[in-house]
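Written below as structure tokens is the structure these notes are about.
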Amino acid sequence: MAKVTMVRVPSLFAAGALTLTATPPIGIAYVAGNLRAGGHKVKVVDSIGEALEQYYHFGMKNLYVNGYTMKQLLAAIPKDSEYIGVSFPFSNEWPLAKKVCFAIREEFPRAVIFCGGEHATAVPEYCLTDCPAIDYCVIGEGEETALDLINALESGRPAKEVGSIALRDEWGKVVNTLRRSRMLSIDDIPEPAWDLVPLENYLAGGYSYGVNIGRTIPIIATRGCPYQCTFCSNPLMWTTRWLARTPARVVEEMEFYIKKYGIQNFDFYDLTTVVKKEWIVEFCTMLVDRGLNITWQLPSGTRSEALDSEVTALLYKSGCRNLTYAPESGSPETLKKIKKKINPDRMIESMKAAIANRINIKANIIVGFPGEKFKNILETYKFIIRMAVTGVHDVSVWTFSAYPGSEIFHDLQKANRMPPFNDDYFISLLSYSDLKNVVSWNEYFSSGQLKYMRLFGLILFYAASYISKPVRLVKSIRNIIRHKPESRMEMIVEKAINRHKKSDPRPWEEALVK
Ligand code: B12
Ligand code: SF4
């Protein structure tokens with residue numbers, strides 16, 4: 001039995017971020033659950049969940065850190081840890097994450113440090129080269145691989161026989177082992193080890209990915225996504241295989257959380273939950289039949305082909321209150337280029353059906369894809385107005401960021417249009433959701449122009465929305481003041497006000513001194 005500590009690094013985000021960062025870490029909880037089921041002694045250090053109200057500045061003034069200081073983080077790792085697994089969900093957090101790994105290495109010189117997550121999967125060679133403190137990168141889905149790696153090291157089996165990892169060979173060169181196939185019987189994956197995570201801090205503090213409508217826990221019903229949008233890193237991370245758990249297993253898990261943690265609301269963290277109509281109908285019907293009296297949300301953006309009037313009525317009946325659509329663009333030309341494979345008219349029909357069935361809906365838009373011209377952005381603006389008039393409750397207008405692992409990222413690399421990998425590049429990825437600082441990857445618009453184009457898109461949406469439904473503005477202000485957000489925008493504004501109040505003027509680097 002090995003002693004393993006799983007570490008979630010504090011979060012790093014832009015001061016002008018239009019996004020949330022503190023949510024219960026389901027990826028780590030899954031890996032921890034599987035390692036424990038495999039017979040190891042596991043502890044989780046969730047640097048965010050343990051210090052949800054701590055904010056510092058990082059480097060330049062426009063970046064914040066939320067969570068433990070380095071000193072607290074190192075103190076929380078048991079001294080006898082033999083394996084320390086560090087999670088990197090976001091590429092934009094690499095400048096902070098590698099500092100954490102270096103510090104862990106200094107404090108625990110003999111421990112094996114392995115890491116995983118989206119960033120480690122997209123650029124494993126770079127992670128191992130830029131941060132020699134790390135011994136192994138786990139690529140893709142982490143449960144089986146992390147267990148196999150630890151078992152191999154414990155039994156003396158060479159690590160290079162473990163599938164889906166990156167490691168240094170005898171000559172110090174980084175090599176990738178063969179990628180293992182995805183886990184097929186996903187119903188059998190041990191449940192996330194929520195008992196090892198400071199879950200109650202999130203539940204009591206109303207930290208959720210969707211709208212805060214009660215004690216909320218993340219859950220996953222499906223893994224993978226069958227599509228291959230060119231701006232998305234998921235085909236590399238999960239492959240294009242979409243697998244769904246049986247509805248009964250998902251509902252059983254929900255019932256367990258209701259009893260154990262008093263859960264009232266469930267956030268689905270799937271890449272795209274609704275792919276098959278039969279699946280979602282069976283799932284909702286089961287929720288209705290069991291009379292669970294809960295709400296649930298799909299905050300991460302789902303496909304909408306199966307979301308017609310019948311299905312959205314059933315979604316509401318079964319407790320679904322918030323749904324995110326991901327049109328990304330209103331321009332047919334852009335949609336084709338990014339391989340989004342949606343039909344904007346059909347999506348509007350689906351949105352109308354959801355709104356008629358009282359579901360609160362949000363849509364994700366991205367502007368500034370490479371090659372996008374002004375006429376394409378105008379088409380997107382038109383689509384934004386259509387959505388506002390249709391009654392869509394929220395829109396996020398992101399600017400395009402070239403995330404490692406995505407097809408566009410590789411195309412830009414091939415065309416020599418990628419800057420060198422360094423902290424500036426990784427931090428520039430934050431411009432995706434940063435109102436103040438934008439980095440343009442587009443040939444036709446400068447960063448400054450794109451910043452205003454995004455802002456204009458947002459203003460356009462909310463102006464059109466409040467003009468066509470003035471009561472909504474009053475309702476939003478009232479919800480924010482009463483701390484009872486109903487939409488994602490209200491929740492984000494509320495949390496942003498909170499973090500500006502809580503921000504500690506000390507830089508994180510200072511807090512980092514032991
Ligand atoms: C929930 C979510 C969020 C939540 C919280 C995420 C969190 N902190 O856990 C919030 C709302 C905060 C968020 C924000 C953002 N997000 Co987000 N988010 C997701 C989402 C939908 C689910 C993540 C998840 O829980 N997946 C399910 C679990 C099981 O998978 P997992 O975390 O990847 O973990 C598995 C493996 O990675 C691995 N693993 C993970 N950690 C470790 C550690 C070790 C040691 C090992 C061995 C293995 C391992 O094993 C796990 C189990 O198989 C993903 C898309 C997706 N479905 O994956 C995007 C995703 C992670 N987000 C993304 C982005 C870009 C963002 C934002 C920058 C943009 C935005 N939307 O505002 C911000 C950045 C926030 C910040 N800090 O600056 C990208 C990341 C791409 C990248 N390379 O960085 C993703 C992949 C979506 C996408 N395709 O664009 N996000
Ligand atoms: S953007 Fe959504 S639909 Fe497209 S590949 Fe990524 S997860 Fe799938």
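The values are calculated or read from the model by the stated rules, or taken from the named source; none is laboratory data. All of these numbers come straight from a predicted model, not from anything done at the bench. Neighbour counts run over all protein chains shown; Cβ positions are idealised from the backbone, glycine included.
So, Leu184, is that one surrounded by fewer than 19 Cβ atoms within 10 Å (Cβ to Cβ) and more than 10 Å from ligand 1 (Cβ to nearest atom) or not?
Against the criterion (surrounded by fewer than 19 Cβ atoms within 10 Å (Cβ to Cβ) and more than 10 Å from ligand 1 (Cβ to nearest atom)), Leu184 qualifies.
Tally up the residues in the range 332-372 that are of a type in the set (S, T, N, Q) and part of a helix (DSSP H, G or I), please.
Matching residues across the range 332-372 total 2.
Quick check on the range 25-39. Is at least one of its residues over 24 Å from Val138 (Cα atoms) and touching a residue at least 12 places away in the same chain (Cβ under 8 Å)?
no
Please count how many residues of the range 6-54 are more than 9 Å from ligand 1 (Cβ to nearest atom) and within 21 Å of Ser91 (Cβ to Cβ).
Result for the range 6-54: 6.
Only one of these conditions is not met by Val174: (1) over 25 Å from the mean Cα position of the chain (by Cα); (2) crowded, with 23+ Cβ neighbours inside 10 Å; (3) of a type in the set (Val, Ile, Thr). Which number is it?
(2)
Has the range 78-93 got any residue that is among the small types (Gly, Ala, Ser), surrounded by fewer than 18 Cβ atoms within 10 Å (Cβ to Cβ) and either at pLDDT 95 or above or over 24 Å from Phe409 (Cβ atoms) (or both)?
Within the range 78-93, none of the residues are among the small types (Gly, Ala, Ser), surrounded by fewer than 18 Cβ atoms within 10 Å (Cβ to Cβ) and either at pLDDT 95 or above or over 24 Å from Phe409 (Cβ atoms) (or both).
Is the range 244-267 home to any residue that is of a type outside the set (S, T, N, Q) and closer than 25 Å to Val123 by Cα?
no
If I filter the range 118-148 down to residues being in a loop (DSSP other than H, G, I, E, B) and away from ligand 2 (no atom under 16 Å from the Cβ), which single residue comes out as surrounded by the fewest Cβ atoms within 10 Å (Cβ to Cβ)?
At the first step, the residues of the range 118-148 found to be in a loop (DSSP other than H, G, I, E, B) are 123, 131-135, 139-142.
When the remaining residues are screened for being away from ligand 2 (no atom under 16 Å from the Cβ), the result is 123, 131-135, 139, 142.
Working: Val123: 22, Cys131: 20, Pro132: 13, Ala133: 20, Ile134: 28, Asp135: 21, Ile139: 23, Gly142: 26.
For the range 118-148, the residue satisfying everything is Pro132.
If Leu271 meets every condition in (1) surrounded by 15 or more Cβ atoms within 10 Å (Cβ to Cβ); (2) within 23 Å of Tyr30 (Cβ to Cβ); (3) free of Cβ contacts under 8 Å to residues at least 12 places away in the same chain apart from one, which number is that one?
(3)
Considering each residue of the range 313-331, count those that are more than 16 Å from ligand 2 (Cβ to nearest atom) and either outside any loop (DSSP other than H, G, I, E, B) or at pLDDT below 95 (or both), and give that number.
The qualifying residues number 8.
Would you confirm, using the coordinates I've provided, whether Ile84 is part of a helix (DSSP H, G or I), within 14 Å of ligand 1 (Cβ to nearest atom) and over 21 Å from Asp424 (Cα atoms)?
In short, no.
Quick one: in the range 149-186, which of the residues that are part of a helix (DSSP H, G or I) and touching a residue at least 24 places away in the same chain (Cβ under 8 Å) is farthest from Glu125 (Cα to Cα)?
The residue in question is Ile186.
Just to confirm my filter: which helices (runs of 4 or more DSSP H) fall fully inside the range 201-302 and include at least 1 residues that are among the hydroxyl-bearing types (Ser, Thr, Tyr), modelled with pLDDT of 90 or more and more than 12 Å from ligand 1 (Cβ to nearest atom)?
Result: 247-261, 277-290.
Take the residues of the range 397-427 that are among the polar types (S, T, N, Q) and within 19 Å of Ser447 (Cβ to Cβ): which is modelled with the lowest pLDDT?
Filtering the range 397-427 for residues among the polar types (S, T, N, Q) gives 399, 401, 406, 413, 416, 422.
This time we only want the ones that are within 19 Å of Ser447 (Cβ to Cβ), so: 399, 401, 422.
Working: Thr399: 94, Ser401: 93, Asn422: 88.
Here the answer is Asn422.
For the list (1) at pLDDT 95 or above; (2) away from ligand 2 (no atom under 16 Å from the Cβ); (3) surrounded by fewer than 20 Cβ atoms within 10 Å (Cβ to Cβ), I need the number of the one condition that Lys336 fails.
Every listed condition holds for Lys336 apart from (2).
Those residues that are within 24 Å of Ile113 (Cβ to Cβ), under 19 Å from the mean Cα position of the chain (by Cα) and of a type in the set (S, T, N, Q), I need them from the range 6-63; list them, please.
Ser11, Thr21, Ser47
Among the residues of the range 96-128, count how many are acidic (Asp, Glu) and within 21 Å of Pro78 (Cα to Cα).
Count: 2.
Checking Val197 against (1) within 13 Å of ligand 1 (Cβ to nearest atom); (2) closer than 30 Å to Ile365 by Cβ; (3) surrounded by 18 or more Cβ atoms within 10 Å (Cβ to Cβ), which single condition isn't satisfied?
Val197 satisfies all of (1) within 13 Å of ligand 1 (Cβ to nearest atom); (2) closer than 30 Å to Ile365 by Cβ; (3) surrounded by 18 or more Cβ atoms within 10 Å (Cβ to Cβ) except (2).
Please work out if Lys340 is touching a helix residue (DSSP H, G or I) at 6+ places or on another chain (Cβ under 9 Å), closer than 21 Å to Arg223 by Cα and charged (D, E, K, R). Even if it seems obvious, please write down each step before you answer.
Details: touching a helix residue (DSSP H, G or I) at 6+ places or on another chain (Cβ under 9 Å): yes; closer than 21 Å to Arg223 by Cα: yes; charged (D, E, K, R): yes.
Here the answer is yes, as Lys340 does meet what is asked.
What are the pairs with Cβ atoms under 6 angstrom where one residue, in the range 427-444, is on the phi > 0 side of the Ramachandran plot and crowded, with 21+ Cβ neighbours inside 10 Å and the other, located anywhere, is at pLDDT below 90 and not in a helix (DSSP H, G or I)? Sequence gap at least six, or different chains.
Sorted first by the residue in the range 427-444, then by its partner, the list stays empty.
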